[in-house]
Amino acid sequence: MKNSRRSFLKIAGISAIGFSMTPVVNVFASSGQEGNKPEPSYSVNKKALKAKRWGLVIDTRKLSEEIVEELGKTCSKIHNIPEIKNKDHEIKWIWGEEFKHAFPGKENEFLDERMKHLSMPVLCNHCKDAPCVRVCPTKATFKRPDGIVLMDFHRCIGCRFCMAACPYGSRSFNFIDPRTVLPKDRKEWNLEFPTRMKGVVEKCNFCAERLAVGKTPACVEASHGALAFGDLEDPKSEVRKLLKSNYTIRRKPSLGTGPSVYYIV
Amino acid sequence: MNDKLKVIAGLIVFFAIFSYPFWNNIFNKENPEHKPVLSAEAEKAKECVRSKDYMTKEHMQLLDIWRDKVVRSGERVYKYGNGKEYNMSLSNTCLGCHTSKAEFCDRCHDYASVKPYCWDCHIDPKENK
Amino acid sequence: MLEKALKGSNKYWIWIFCLLGVIGIGALTYINQYRVGLGITGMSRDVSWGFYISQFTYLVGVAAGGVMLVLPYYLHDYKKFGKITILGEFLAVSALIMCLLFIAADMGQPVRAFNMLMHPTPGSVLFWDASVLNGYLFLNIIIGWNVLEAERNGVPTAGWVKPLIYLSIPFAFGIHTVTAFLYCGLPGRGFWLTAILAPRFLASAFAAGPAFIIILSFIIKKVTNFDAGKEAIQTISKIVTYALIANVFFLLCEVFVAFYSKIPEHTAHLKYLFVGLHGHGVLAPWMWTSIALMLIAILLLLIPATRSNEFVLGITCVFVLIGTWIDKGLGLIAGGFVPSPLHHVNEYIPTIKEIFIGLGIYGIGFLILTVLFKIAITIREEVDA
């Protein structure tokens with residue numbers, strides 16, 4: 001017993017030394033063809049739109065059932081979001097909800113007819129202090145310096161802690177392989193944007209892929225002027241002007257999450 | 001110990017099963033074609049984002065860095081050596097030049113029995129099932 | 001010592017093969033889930049955690065419950081528990097392995113589980129939960145094994161094990177506290193957003209864990225020569241009594257706060273569980289059963305005559321087990337998700353496949369438990385002989 005333990009420790013020690021050599025060996029090994037060339041550089045596209053904190057202002061006065069539906073359709077199309085019949089497995093990035101569901105706790109006993117039946121677009125609020133970012137055990141959900149709460153689908157382990165943490169129901173889980181429910185003909189896909197795989201969570205990304213090439217989010221473009229997108233930290237931005245001159249509400253501000261999506265009512 | 005024979009017989013059987021893949025490869029001379037085939041576009045371009053040698057050995061590390069840079073830092077432009085700028089995109093840049101995933105990626109991956117899950121999400125624009 | 005598990009009566013082997021059968025069915029079903037995705041379960045966009053996570057939560061309680069044997073023996077030198085602390089430790093081992101398996105079964109991308117180690121995130125409660133669960137598991141394996149080995153060799157337990165035993169006590173409280181923190185730190189989930197959730201978890205754990213040990217002791221007494229001792233069983237049953245009373249008391253506190261303040265976000269979940277909401281109330285009969293079982297159990301445990309009757313006590317402990325299981329293993333998770341943060345009522349009912357996988361994991365847990373208990377008891381019998 002004693003002997004074998006000792007020899008085990010010896011082997012373990014030698015292996016440890018061996019492993020600690022790898023960096024040294026790597027240096028010798030890598031001094032090949034490209035050894036003397038500089039490190040590669042990575043940079044942001046020059047056309048990319050930049051902000052301190054992106055935000056969205058939704059003018060509900062300009063909304064109609066059709067527009068809200070179009071927002072969802074546009075988003076689904078460019079992000080390859082499948083239409084799933086089974087409500088339990090649905091994937092939604094931006095969609096319409098009745099006022100009482102979009103703003104639970106804010107519904108008045110006597111709400112004006114328009115508000116009562118209006119379909120409110122709801123989406124990820126890209127919170128200033130996002131609970132989903134806080135709870136993610138792998139940093140698969142993280143906050144970018146420009147305020148966007150983004151998902152790294154490569155890293156998501158599908159624990160769904162973020163779904164429990166989100167007070168806005170903005171997150172969807174791929175209960176099945178989304179490719180099995182996307183249109184058969186790939187001509188109907190957006191070939192420039194990936195699909196997702198089963199077992200990962202997803203949500204609105206504020207069109208990070210479009211901002212990177214200088215375009216505003218697709219829903220803003222499709223909104224017929226009802227949605228305004230801009231820098232909340234820039235007093236001269238369009239969104240700040242709208243916020244200055246209109247009364248706005250946010251979803252569940254009392255939770256302290258700091259939503260970046262405002263609604264003009 | 002009178003179990004000697006049993007133990008040895010057991011070891012032989014175990015070893016035979018364990019080393020089966022090696023035997024199979026030695027006696028089964030059929031060696032499938034596994035070298036990637038360069039597309040016309042790639043041949044014309046002559047160069048990749050890095051040297052051929054580097055790409056052969058390290059493309060997986062390069063792609064790993066790319067995905068982290070693009071997704072997590074929002075940096076999408078790659079520059080190295082020859083000063084050319086590349087948009088770091090598997091579906092659009094890599095497959096834009098290596099137009100056939102089947103002939104370029106799959107041949108070698110299949111041979112080496114590597115199953116990268118890139119294509120669970122990233123789309124091969126040519127593929128249409 | 002493992003060889004002790006390889007020699008047993010026919011009944012022992014029949015039991016083992018039954019468990020292997022259940023595990024096999026679970027494993028086959030899991031292969032289906034692995035291929036198709038979590039879509040084979042009853043979980044949904046609104047109820048995104050279900051049977052797996054609630055079983056995990058319940059079993060963390062069972063694992064923590066074992067400390068109720070370790071603590072009196074090692075901290076208060078309560079000699080009567082000397083014979084059975086090992087059962088508590090080995091129960092914790094098997095319960096914790098089940099916990100980890102339930103988490104694995106619940107993951108959308110289980111092959112990426114190690115991302116939690118590659119990108120450790122101390123800000124996430126899940127990081128801490130994984131740490132304390134694994135820590136408690138290893139502590140119990142090391143302690144249980146060493147204590148048993150020392151006993152077999154007729155020598156006192158090695159000195160270095162003692163500090164680990166003391167360390168395992170706060171760990172036991174830790175695993176269930178941190179597990180409660182998974183839920184009670186989430187904004188917008190009124191049902192869980194309560195500081196009393198961790199105490200509630202502990203109370204139900206200290207009722208369910210020891211109750212399970214009483215049942216196991218009775219079974220062991222039936223099938224082997226090992227007797228935990230009447231006095232030890234009586235002491236454990238008193239622990240169960242007061243833990244169970246605390247559990248029901250905490251629940252009533254919740255009910256008072258919710259229904260006297262009448263804040264909809266807090267009442268809605270309790271209403272859903274006990275009377276149904278907007279016509280949905282699949283769990284209501286279960287919840288009332290749970291309350292009834294716990295109340296009857298309290299009564300039977302408080303009356304000395306019924307408590308000291310082994311037959312009645314055994315049945316009472318089954319009541320405790322089922323009552324707390326419904327409370328935590330069914331109501332707690334579903335109750336927190338219904339209604340959803342957008343006040344939609346989407347109910348959750350586990351699918352058969354989901355239950356098969358769950359039973360398979362229970363099968364693995366019971367197999368480990370059987371093997372460990374078999375080793376422990378065989379060694380006891382040998383030492384006694």
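Worth pointing out:
- Any hit, the stretch C:345-362, residues being among the acidic types (Asp, Glu) and not in a helix (DSSP H, G or I): yes
- Residues satisfying the stated conditions in the stretch A:87-109, i.e. more than 8 Å from chain C (Cβ to nearest Cβ), in a loop (DSSP other than H, G, I, E, B) and over 19 Å from the mean Cα position of the chain (by Cα): A:Glu98, A:Phe103, A:Lys106, A:Glu107, A:Asn108, A:Glu109
- Residue pairs whose Cβ atoms lie under 6 Å apart, sitting 6 or more positions apart in sequence or on different chains, and linking a residue in the stretch C:88-109 that is away from chain A (no Cβ under 14 Å) to a partner that is small (Gly, Ala, Ser) and in a helix (DSSP H, G or I), are C:Glu89/C:Gly144; C:Phe90/C:Gly144; C:Ala92/C:Ala63; C:Ser94/C:Gly365; C:Ala95/C:Ala63; C:Leu96/C:Ala63; C:Met98/C:Gly365.
- Hits in the stretch C:120-154 - residues which are more than 14 Å from chain A (Cβ to nearest Cβ) and more than 19 Å from C:Gly66 (Cα to Cα): C:Ala150, C:Glu151, C:Arg152, C:Gly154
For every residue, the table says whether it meets (1) more than 7 Å from every other protein chain (Cβ to nearest Cβ); (2) at pLDDT 95 or above; (3) over 11 Å from the mean Cα position of the chain (by Cα); (4) under 26 Å from B:Asp68 (Cα atoms).
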position: A:Pro121; (1), (2), (3), (4): yes, yes, yes, no
position: A:Cys124; (1), (2), (3), (4): yes, yes, no, yes
position: A:Asp129; (1), (2), (3), (4): yes, yes, yes, yes
position: A:Cys136; (1), (2), (3), (4): no, yes, yes, yes
position: A:Thr141; (1), (2), (3), (4): yes, yes, no, yes
position: A:Phe153; (1), (2), (3), (4): no, yes, no, yes
position: A:Gly158; (1), (2), (3), (4): no, yes, yes, yes
position: A:Ala165; (1), (2), (3), (4): no, yes, yes, yes
position: A:Ile176; (1), (2), (3), (4): no, yes, yes, yes
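- Per-region count, the stretch C:47-85, residues surrounded by fewer than 19 Cβ atoms within 10 Å (Cβ to Cβ) and within 14 Å of another protein chain (Cβ to nearest Cβ): 0
- One residue from A:Lys139, A:Lys77 being surrounded by fewer than 23 Cβ atoms within 10 Å (Cβ to Cβ), touching a residue at least 12 places away in the same chain (Cβ under 8 Å) and in contact with a Lys or Arg (Cβ under 9 Å, 6 or more places away or on another chain): A:Lys139
- Boolean, A:Glu34 is facing chain B (nearest Cβ under 10 Å), touching a Phe, Trp or Tyr at 6+ places or on another chain (Cβ under 7 Å) and either part of a loop (DSSP other than H, G, I, E, B) or at pLDDT 90 or above (or both): yes
- Helices (runs of 4 or more DSSP H) fully within the stretch C:1-77 counting 2 or more residues that are over 21 Å from C:Ser94 (Cβ atoms): C:10-36, C:67-75
- The stretch B:78-96, residues that are surrounded by fewer than 18 Cβ atoms within 10 Å (Cβ to Cβ) and either part of a loop (DSSP other than H, G, I, E, B) or of a type in the set (A, V, I, L, M, F, W, C) (or both): B:Gly81, B:Asn82, B:Gly83, B:Lys84
- Lone qualifier among B:Tyr117, B:Tyr78 - being within 13 Å of another protein chain (Cβ to nearest Cβ) and touching a strand residue (DSSP E or B) at 6+ places or on another chain (Cβ under 9 Å): B:Tyr78
- Of the residues making up the stretch C:294-333, those that are surrounded by 19 or more Cβ atoms within 10 Å (Cβ to Cβ), small (Gly, Ala, Ser) and modelled with pLDDT of 95 or more number 2.
- Residue in the stretch C:133-142 that is assigned to a loop (DSSP other than H, G, I, E, B) and either modelled with pLDDT of 95 or more or hydroxyl-bearing (Ser, Thr, Tyr) (or both) present: no
- The stretch C:104-128 - residue that is assigned to a helix (DSSP H, G or I) and in contact with a Pro (Cβ under 9 Å, 6 or more places away or on another chain) and, of those, farthest from A:Cys159 (Cα to Cα): C:Trp128
- Residues that are in a loop (DSSP other than H, G, I, E, B) and loosely packed, with under 14 Cβ neighbours inside 10 Å within the stretch A:235-265 comprise A:Pro235, A:Lys236, A:Tyr247, A:Gly256, listed in sequence order.
The values are calculated or read from the model by the stated rules, or taken from the named source; none is laboratory data. A quick note: this is a predicted structure, and the numbers were derived from the prediction, not measured. Don't worry about glycine lacking a Cβ; one is built from the backbone with ideal geometry, like all the others, and counts go over all protein chains shown.
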